[in-house]
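The values are calculated or read from the model by the stated rules, or taken from the named source; none is laboratory data. Just so it is clear, the model here is predicted, and its values are computed rather than measured. Cβ: placed from backbone, ideal geometry, glycine included. Neighbour counts: every protein chain shown. Side chains included, ligands, DNA and RNA excluded: accessible areas come from the protein's heavy atoms. Shrake-Rupley method; radii C 1.70, N 1.55, O 1.52, S 1.80 Å.
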Amino acid sequence: MIQGIGAAAGVAFGKAFVLPHWELDLPDTEIDAVDLAKEFERLYEGIRTSKNEIEYIKNEFKEMVGDEESHIFDAHLAILEDPVFMNEIQGLIERQYKAAEVAVKEAIDHFVSMFDLLDDEYMKERAIDIKDVGNRLLKHLLGAPEVTLPSDTQPYILVARELSPSQLAHLNPSHVLGIVTMSGGMTSHSAIMARAIGIPLVSGIESRLDKPIQTGEFLIVDGDHGHLYINPEEHVLERYISIHAEQRKKKEQLQLLSSVDAVTKDGSYFHLAANMNSLKELDMALNNGANGVGLFRTEFLYMDRAAFPTENEQFEVYRQVTEKAKGSSVVIRTLDIGGDKQLDYFSLPEEENPVLGYRAIRICLDQTELLQTQLTAILRASIYGDVKVMYPMISSVDEVRQANEILKRAMADLDSRGISYNPDIKVGIMIEVPAAVTIADLLADEVDFFSIGTNDLVQYVLAVDRMNEQIAHMYQPFHPAVLRMLRTTVEAAKQAEIPVSVCGELAGDERAIPLWLELGVQNLSMSPLSLLKVKHRILNTDAEEARQEAAACFKLRRSNEIEDRLTRFIKQNQL
Ligand code: PEP
Ligand code: MG
């Protein structure tokens, strides 16, 4: 067995198809000065053809998986328009008399090695994008053929050195059972795309192979654990055949629950909504029976672009989501950037402690026009369904009041433009900073609802950076301090008679169901992928029994004891 990175979940097995590695054959002579104009014309023609091709692939991919992932190709188009990249190529032709293909190859190598030197996974992945675009351009300049994947054979496991987004966009999930790549990690665009199409992917195995994989060899790809088997023994294959069948059966069984209410055996009802990081996830969420959107992370609207989205652009997206939700509520969270979420066009200051720094509502209350534009767009969408606004990272009453002042300004602006909106729009806050928990009673008087963001709350309560692998074992959502914070928040909400929901990752963790029953939390919002799993557990839970378990957990002193006890309890109701 070879241990790689499980970059997209699921298991697959079949014969390997190894994508041939295309070797470049570049001219080694200089061009004549008189041919400069001709060389530039070749270059521009190559760029035009490449652009048309990328546009075409982008549209194809959009049809397959939706808008969000197809934006990856906008980044590719942008590379072909990037003045630094293009100046480098033009300079090599003009000043060093290099042939267009040589200039392109040298420019790619230069930028790729520069990005590779940076100790930053994201930039390393972007180097793959430059290679992908550059190679496309090179192919046109050299007239080399595009490598096409077989479509008339049995479905296969695709093996590639690295798989570019363009290549992935061409994949037909009914031909490609699984993917293995030599390089690449979890954050590569290819991994994001493989997850979106639902093809299991194991990557990063290059250094673990004794010899290259050959077309026709039998492979098992286990994207859940990052395992790869080459020509496995019979008993291993048998095991995977049954895992595969089991996974399929579970998926089909769970899908049957999409239109069923989430009610415990003894009648306790849960309202399960979806967290949304992209438009594509909305369809998956609705397919999985989500009751609306409990957390619309609007950051993606601001990313992968050159400037802030306009009011109209935002309005269009908010309206679309609201209409698709068909009357179920859509909780739109205002911009939550800073910390690990950065925007290319908005330079945030270098900070010693970014997660304790200039982020989320703090930025929005400093750059108020940003918040006002977003709130105006949200208000305009509010007449199309049940839209709610939510402010992130609130730590004081003042912040809520200031944000609401801006909301009023947005309303006044719409009044003056004669545009309608819901003047009674519900306004809530994320409870994700310990200060907000301790003054939850005061905050409850200011807002219409709470939503507990356990991801940040755990980080801040325990003083454990949620991004730091070295202390990942200390990031304990079942820590007694976290449980107490949950209780304080829920009690304050009950006292003020406002609804409270949970939208951090803990909401999608089946083991936490007894805690919600004991606390009296009925609203959960989670990743669309978790919805059916959690619903299944709820349907198999006896609320009274679960409450007793949770009550016992609230008396325990150590995270591990709590986690173990809840894990044991939930295992009794195994699917
Ligand atoms: C949270 O902090 O729990 C949350 C839901 O928000 P995010 O993960 O976007 O910070
Ligand atoms: Mg948060």
I'd like to know if region 280-289 contains one or more residues that are open to solvent by less than 40 Å² (accessible area, probe 1.4 Å), touching a strand residue (DSSP E or B) at 6+ places or on another chain (Cβ under 6 Å) and more than 15 Å from I383 (Cβ to Cβ). yes
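Check region 464-481 and report whether any residue there is in contact with a strand residue (DSSP E or B) (Cβ under 6 Å, 6 or more places away or on another chain) and more than 16 Å from ligand 1 (Cβ to nearest atom). Break it down into steps so the answer makes sense when it comes.
Taking region 464-481 and keeping what is in contact with a strand residue (DSSP E or B) (Cβ under 6 Å, 6 or more places away or on another chain), we get none.
No, the conditions are met nowhere in region 464-481.
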Which residues, counting only those in region 360-398, are without any contact (Cβ under 8 Å) to a residue 60 or more places away in the chain and within 16 Å of ligand 1 (Cβ to nearest atom)? A360, I361, R362, I363, C364, V389, Y391, I394, S395
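One line per residue, one yes/no per condition, for (1) assigned to a loop (DSSP other than H, G, I, E, B); (2) at pLDDT below 85; (3) open to solvent by less than 40 Å² (accessible area, probe 1.4 Å):
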{"position": "V104", "(1), (2), (3)": "no, no, yes"}
{"position": "S113", "(1), (2), (3)": "no, yes, no"}
{"position": "I128", "(1), (2), (3)": "no, yes, yes"}
{"position": "G134", "(1), (2), (3)": "no, no, yes"}
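For every residue, the table says whether it meets (1) modelled with pLDDT under 90; (2) open to solvent by less than 30 Å² (accessible area, probe 1.4 Å); (3) over 20 Å from the mean Cα position of the chain (by Cα).
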{"site": "A194", "(1), (2), (3)": "yes, yes, no"}
{"site": "V202", "(1), (2), (3)": "no, yes, no"}
{"site": "G216", "(1), (2), (3)": "no, no, yes"}
{"site": "L219", "(1), (2), (3)": "no, yes, yes"}
{"site": "G226", "(1), (2), (3)": "no, yes, no"}
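For the structure I just gave you, tell me whether N455 is within 16 Å of ligand 2 (Cβ to nearest atom) and assigned by TED's automatic domain parsing to the domain that holds S525.
It is true that N455 is within 16 Å of ligand 2 (Cβ to nearest atom) and assigned by TED's automatic domain parsing to the domain that holds S525.
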So E518 ticks every box in (1) free of Cβ contacts under 8 Å to residues at least 60 places away in the same chain; (2) more than 16 Å from ligand 1 (Cβ to nearest atom); (3) open to solvent by less than 50 Å² (accessible area, probe 1.4 Å) but one. Which box is left unticked? (3)
Test result for I513, of a type in the set (V, I, T), without any contact (Cβ under 8 Å) to a residue 60 or more places away in the chain and in the same structural domain as E281 (by TED's automatic domain parsing): yes
Here are R362, R319, R297: which of them is modelled with pLDDT of 95 or more, open to solvent by 30 Å² or more (accessible area, probe 1.4 Å) and either within 16 Å of ligand 2 (Cβ to nearest atom) or not assigned by TED's automatic domain parsing to the domain that holds L524 (or both)? R362
Qualifying residue in region 373-394 (condition: more than 17 Å from F449 (Cβ to Cβ), in the same structural domain as G292 (by TED's automatic domain parsing) and not in a helix (DSSP H, G or I)): no
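Suppose we filter L457, L414 for residues that are surrounded by fewer than 19 Cβ atoms within 10 Å (Cβ to Cβ) and either in contact with a Ser or Thr (Cβ under 9 Å, 6 or more places away or on another chain) or not in a loop (DSSP other than H, G, I, E, B) (or both); which single one remains?
On the way: L457 fails: surrounded by fewer than 19 Cβ atoms within 10 Å (Cβ to Cβ).
So the residue among L457, L414 that is surrounded by fewer than 19 Cβ atoms within 10 Å (Cβ to Cβ) and either in contact with a Ser or Thr (Cβ under 9 Å, 6 or more places away or on another chain) or not in a loop (DSSP other than H, G, I, E, B) (or both) is L414.
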With in contact (Cβ under 8 Å) with a residue 24 or more places away in the chain and within 16 Å of ligand 1 (Cβ to nearest atom) as the only criterion, which of A507, A492 stands out? A507
Checked region 460-483 for anything part of a helix (DSSP H, G or I) and touching a helix residue (DSSP H, G or I) at 6+ places or on another chain (Cβ under 8 Å); matches are Y460, V461, L462, M474, P480, A481, V482, L483
All positions within region 424-454 that are within 16 Å of ligand 1 (Cβ to nearest atom) and open to solvent by 10 Å² or more (accessible area, probe 1.4 Å): V433, P434, A435, F449
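Would you mind stating whether A546 is among the small types (G, A, S) and either surrounded by fewer than 23 Cβ atoms within 10 Å (Cβ to Cβ) or part of a loop (DSSP other than H, G, I, E, B) (or both)?
Values: among the small types (G, A, S): yes; either surrounded by fewer than 23 Cβ atoms within 10 Å (Cβ to Cβ) or part of a loop (DSSP other than H, G, I, E, B) (or both): no.
So A546 does not fit the description; no.
Looking at H271, H244, which is the one that is open to solvent by 10 Å² or more (accessible area, probe 1.4 Å), closer than 30 Å to Y302 by Cα and at pLDDT 90 or above?
Details: H244 fails: closer than 30 Å to Y302 by Cα.
Just a single option satisfies the conditions, and that option is H271.
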Just the residues that are within 12 Å of ligand 1 (Cβ to nearest atom) and open to solvent by less than 50 Å² (accessible area, probe 1.4 Å), please, taken from region 335-359. L335, D336, I337, G338, G339, K341, V355, R359
Do we find that L506 is crowded, with 20+ Cβ neighbours inside 10 Å and part of a helix (DSSP H, G or I) in this structure? yes
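Only one residue in M485, M526 is farther than 30 Å from L282 by Cα, within 16 Å of ligand 1 (Cβ to nearest atom) and not charged (D, E, K, R). Which one? Step through it out loud before you land on a result.
Values: M526 fails: farther than 30 Å from L282 by Cα.
So the residue among M485, M526 that is farther than 30 Å from L282 by Cα, within 16 Å of ligand 1 (Cβ to nearest atom) and not charged (D, E, K, R) is M485.
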